[in-house]
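The values are calculated or read from the model by the stated rules, or taken from the named source; none is laboratory data. Since this is a predicted model, take the numbers as computed values, not measurements. Backbone-built Cβ (ideal geometry, glycine too); neighbour counts: all protein chains shown.
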Amino acid sequence: MARTALLGLPRMGPERELKFALESHWAGRLGADELLETARGLRAASWQRAQAAGIDVIPSGDFSLYDHVLDTAWALGAIPARYGALDRDSLADYFVLARGDAERRPLEMTKWFDTNYHYLVPELDADQQFELRAEHWTATLAEAAALGIETRPVVLGPLSFLLLSKGVDDPLALLPRLVPVYVELLRALAAAGATEVQLDEPCLAVDRTSAELDLYATAFAQLKAAGLPIALTTYFAGLDVGAMLEHVAALEPAELHLDLVRAPGQLTPALQALSATGTRLSLGVLDGRNVWAADLDAALERIDAALAALGSERVTIAPSCSLLHLPYEAARETGIDEEVRGWLAFAAERIAELRTLADVLVAEPVQTDVLLDASRDRQRSRRESARTNDRAVRDRVGLLRSTDYARDTPADERRTVQHERVALPELPTTTIGSYPQTPEIRDARRRLRDGTLPYDEYEQVMRKRIAEVVAFEQELGIDVLVHGEPERNDMVEYFGQQLAGFAFSANGWVQSYGSRCVKPPILYGDVSRPEPMTVGWWRYAQSLAERPVKGMLTGPVTILQWSFVRDDQPRQETCTQIALAIQDEVADLEAAGCFAIQVDEAALREGLPLQRHLQDDYNRWAVDCFRLTVAPARPETQVHTHMCYSEFNDVMEHIVRLDADVISIEASRSDMEVLDAFTSSQPYPNDIGPGVYDIHSPRVPSVEEIERLLELAEARVGRERLWVNPDCGLKTRRWEDVRPALQNMVAAAQRRRAVVGVSA
Ligand code: GLN
Ligand code: ZN
């Protein structure tokens, strides 16, 4: 009979118990034993929930106190020399790698594929040695067994471990040295009672060359020889048909898992490729990355095809990936409108769907409809609801023409009229938008939310903060001011809450890194903007200022990227709707007299698909959506954008195509090297503000330091087009640091202006 499997479970606990336990532990208020006890309780509860749902294959070892890649490095003994001697039994030492201490920087953190989960990047060196400690898996296996629950250990595979690491140019050269350690691990798991292992190799599906696959084939043969059946698990991308898929099938693992939500096209060729083997196919038919109730009939079609081709003994049904990226339980979200809530499936509902699928497979035909009725109702309600079919929005998108995506004046002409409208000095200074979010500000927002602060009192509190920022910036001599964003808790949530088509959960947390969780907005319907969202705050700020105050908006791609978005239409279409909604705000700011409007696209780059063949299409529509947002702006309106990173080399042509009048980027920590991307192939045609103040640290940069950075920047892009600004918004900093830092920034700009005769 086909079996059901889960590839991984949420870690934080339904009430984020792990987060709070970790943070109390780090603050010294909770002992290590209590922390471990909390973790054990959470694991037990997850296993028991899966068992109660009748799931056949329940994962263990996927749980982590911080991050599973760190756990793997720790277990393999891949601990960088710069940490000195660490005790691998010590929880405190484990957390040093994750969080650093007074002398040691933590491991670098980066995004786990295209999720908003961040993993710690193992640091290897060319003669890296490995030394196994298998307890992370053997102990949890035993822990579950003691509860009477058989589990399948989840291990990050050697290929992905090496490719996710840094420090060596050719990480796979370490494979021959690493594989014996994995063999040892597999043997230890078997000795501890495991009957199978889930070996996660997400990297296998992301543009591997045939040379890499050959190396892996050798490695995998050795792993197989350890004797423990291996469920080779891919997700987030599909194995390319015609090369990778056949290559991977030829490895003949005991089981192969495919993500059929991301890449449904793999199924038919996989069935062909596996037919002559003994490999079992695990069908990732339920979305582990998004929050929508599944179309179970569509899933059943795929399952039936697999059953027909392979027979029921060789089919597993599963979510597409670990449920780590889903919140706990949608049913508890009673604050979300009932109709919309019915469309949602978080981890608990996903497990129930898996159960239903399994039940349908063994049900009498007459019972099938009964089992599927509720699911079909949800699908129908969602498809037919007015919330997902707003005529006005659809008509507006339908009428778009290519000319709607471009401003009607070339950039250099715009530049001239903008300079005529507002005379700015050389090296104009500005900030990125937010100012410190003080406890007073947070408290006012919280009290507004829970109803204890009337709106007009709240507005007074915010106005005071805005006045403070405007006065501060004017006194300092900043050229283009901001209002400081005190009214925003989050740059996406703030807009989502004012747009039609978004819902907000009370408890829909997902792990971002360590103890940090995010609660993404849920974009369920057609998006429109009922009323102006920022104009009132802007107008107030401008009324106090002599110099222009920038309007401050979040761009469509970033809103899309940081939300759970609907899966019933292409992302491009959803993004276009958001772009039009933000466009309305651009128009209203402009009509109110706003000279400079900044549209932040912090997440433009992180939306880039994992596989190269999908990237062009994304870059095209993502940039189009930005262009659409600002296209109607008159030539004399200065459009700014901001991006929070410093890797532009491979996306430069798209950055140019944004056609923003001014772009600000992160640059201070790269010593302006990021600007090479803006000069190497073709010079960047518009204005640019490379960050000269690292806002990620409380350190106050000196005037000389900033001057030096400006000098470097002038040498690269010339003074003509250069702006002076921090790397990013200042909301996480304290006024004590921000005041002197910005003072130094303005002083440095003034000193550079006094140096005449500079050219690129
Ligand atoms: N305007 C936002 C701010 O200053 C930009 C933040 C971001 O791009 N991450 O906070
Ligand atoms: Zn930023």
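If you go through segment 38-66 and pick out every residue that is touching a His at 6+ places or on another chain (Cβ under 7 Å) and charged (D, E, K, R), you end up with 1. Number of residues in segment 457-494 that are assigned to a helix (DSSP H, G or I), of a type in the set (Gly, Ala, Ser) and either surrounded by fewer than 17 Cβ atoms within 10 Å (Cβ to Cβ) or within 16 Å of ligand 2 (Cβ to nearest atom) (or both) equals 1. Screening segment 88-161 for strands (runs of 3 or more DSSP E) wholly inside it with 1 or more residues that are within 20 Å of residue 62 (Cα to Cα) and of a type in the set (Phe, Trp, Tyr) returns the ranges 118-120. Is it the case that some residue within segment 649-667 is on the phi > 0 side of the Ramachandran plot and modelled with pLDDT under 95? There is no residue in segment 649-667 that is on the phi > 0 side of the Ramachandran plot and modelled with pLDDT under 95. One residue stands out among those in segment 627-639 that are farther than 15 Å from residue 412 by Cα and within 16 Å of ligand 1 (Cβ to nearest atom): the one that is surrounded by the most Cβ atoms within 10 Å (Cβ to Cβ), which is 629.
Against the conditions (1) in contact with a helix residue (DSSP H, G or I) (Cβ under 8 Å, 6 or more places away or on another chain); (2) over 30 Å from residue 439 (Cα atoms); (3) within 16 Å of ligand 2 (Cβ to nearest atom), residue 670 satisfies every one except (1). Here is the figure for segment 241-264: residues that are at pLDDT 95 or above and in contact with a Gly (Cβ under 9 Å, 6 or more places away or on another chain) total 10.
Residues in segment 184-207 that are in a helix (DSSP H, G or I) and of a type in the set (D, E, K, R): 184, 187.
Just one of the listed residues (267, 307, 258) is crowded, with 23+ Cβ neighbours inside 10 Å and aliphatic (A, V, I, L, M), and it is 258.
When residue 567 is tested against (1) under 30 Å from residue 117 (Cβ atoms); (2) in a helix (DSSP H, G or I); (3) not hydrophobic (A, V, I, L, M, F, W, C), just one condition goes unmet, and that condition is (2).
Pick from 347, 358, 331: which is exposed (fewer than 15 other Cβ atoms within 10 Å of the Cβ) and not hydroxyl-bearing (Ser, Thr, Tyr)? None of the others qualify; the one that does is 331. For segment 641-667, enumerate the residues that are away from ligand 2 (no atom under 16 Å from the Cβ) and either surrounded by 21 or more Cβ atoms within 10 Å (Cβ to Cβ) or small (Gly, Ala, Ser) (or both). If the condition is that a residue be away from ligand 2 (no atom under 16 Å from the Cβ) and either surrounded by 21 or more Cβ atoms within 10 Å (Cβ to Cβ) or small (Gly, Ala, Ser) (or both), then 659, 661 are the ones that fit. Of all the residues in segment 701-732, those that are modelled with pLDDT under 95 and either within 16 Å of ligand 1 (Cβ to nearest atom) or surrounded by fewer than 16 Cβ atoms within 10 Å (Cβ to Cβ) (or both) number 4.
Applying the criterion of being in a loop (DSSP other than H, G, I, E, B) and within 16 Å of ligand 2 (Cβ to nearest atom) to the residues of segment 673-703, the residue that is farthest from residue 436 (Cα to Cα) is 692. So residue 284 fits all but one of (1) at pLDDT 95 or above; (2) under 16 Å from residue 206 (Cα atoms); what number is the exception? The single condition residue 284 does not satisfy is (2). The sole residue among 552, 533 that is of a type in the set (A, V, I, L, M) and assigned to a loop (DSSP other than H, G, I, E, B) is 533.
Residues of segment 725-741 that are more than 16 Å from ligand 2 (Cβ to nearest atom) and either closer than 19 Å to residue 642 by Cα or part of a helix (DSSP H, G or I) (or both): 735, 736, 737, 739, 740.
Within segment 624-665, being hydroxyl-bearing (Ser, Thr, Tyr) and assigned to a helix (DSSP H, G or I) holds for one residue alone: 629. Residue pairs whose Cβ atoms lie under 8 Å apart, separated by 6 or more positions or on different chains, with the first residue in segment 594-605 and free of Cβ contacts under 8 Å to residues at least 60 places away in the same chain and in a helix (DSSP H, G or I) and the second more than 12 Å from ligand 2 (Cβ to nearest atom) and among the acidic types (Asp, Glu), are 605/647. Taking the listed residues 526, 616, the one that is among the charged types (D, E, K, R), at pLDDT 95 or above, more than 16 Å from ligand 1 (Cβ to nearest atom) and surrounded by fewer than 17 Cβ atoms within 10 Å (Cβ to Cβ) is 616, with no other qualifying.
For segment 591-604, a residue qualifies if it is more than 12 Å from ligand 2 (Cβ to nearest atom) and of a type outside the set (Phe, Trp, Tyr), and the qualifying residues are 591, 592, 593, 594, 596, 597, 599.
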